[in-house]
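The values are calculated or read from the model by the stated rules, or taken from the named source; none is laboratory data. Please read all numbers here as calculations on a predicted model, not as lab measurements. Neighbour counts run over all protein chains shown; Cβ positions are idealised from the backbone, glycine included.
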Amino acid sequence: MRPLHHPATADIELTSVLYALADPVRLSLVRGLSRDKPVSCIRVSEEKQLALPRATLSRHFDVLRSAGLVHTVKSGTQYLNTLRCDDLEQRFPGLLRAILFAETGAAAPVEAAKPAPRAASRPAAASKRAAAAPARTGRARS
């Protein structure tokens, strides 16, 4: 059996963590894990009432492990998982707490949804360039 890969704390990347948590099934699995008590893959899926084939469940935990979200240990015939809360808190302070305790399905505030104002829009910039260009008289050259 090949050893399981767990990235070092310094090697955990934000893009990998966010990618792993972007999937609703993996987010549900992470919310079902404990930081103190190791839980088997099957138990987490049963508690969350996820009817997934074992191969799919294994793939989801592989993505979570590769991203640095979970630590997996083999115990007999089971794989036991725990959240790497301390490592994630050290690397990205407050991120895991914000994601795990965020309201699901809550609407974002209107102020947060507004785009940031731009310094200059394209039509205004084009008209400034036209005003700065030398005027053409329309005379033909001989």
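A count restricted to region 16-30 and to residues that are farther than 20 Å from ALA55 by Cα and in contact (Cβ under 8 Å) with a residue 12 or more places away in the chain stands at 2. The residue that is modelled with the highest pLDDT, among those in region 35-60 that are in a helix (DSSP H, G or I), more than 22 Å from the chain's Cα centre (by Cα) and within 27 Å of ASP86 (Cα to Cα), is ARG43.
Let's see how each residue does on (1) among the hydrophobic types (A, V, I, L, M, F, W, C); (2) out of contact with any Lys or Arg (no Cβ under 9 Å at 6 or more places or on another chain):
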{"residue": "VAL30", "(1), (2)": "yes, yes"}
{"residue": "THR56", "(1), (2)": "no, yes"}
{"residue": "LEU69", "(1), (2)": "yes, no"}
{"residue": "GLU89", "(1), (2)": "no, no"}
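VAL73 passes every criterion in (1) modelled with pLDDT of 85 or more; (2) in a helix (DSSP H, G or I) apart from (2).
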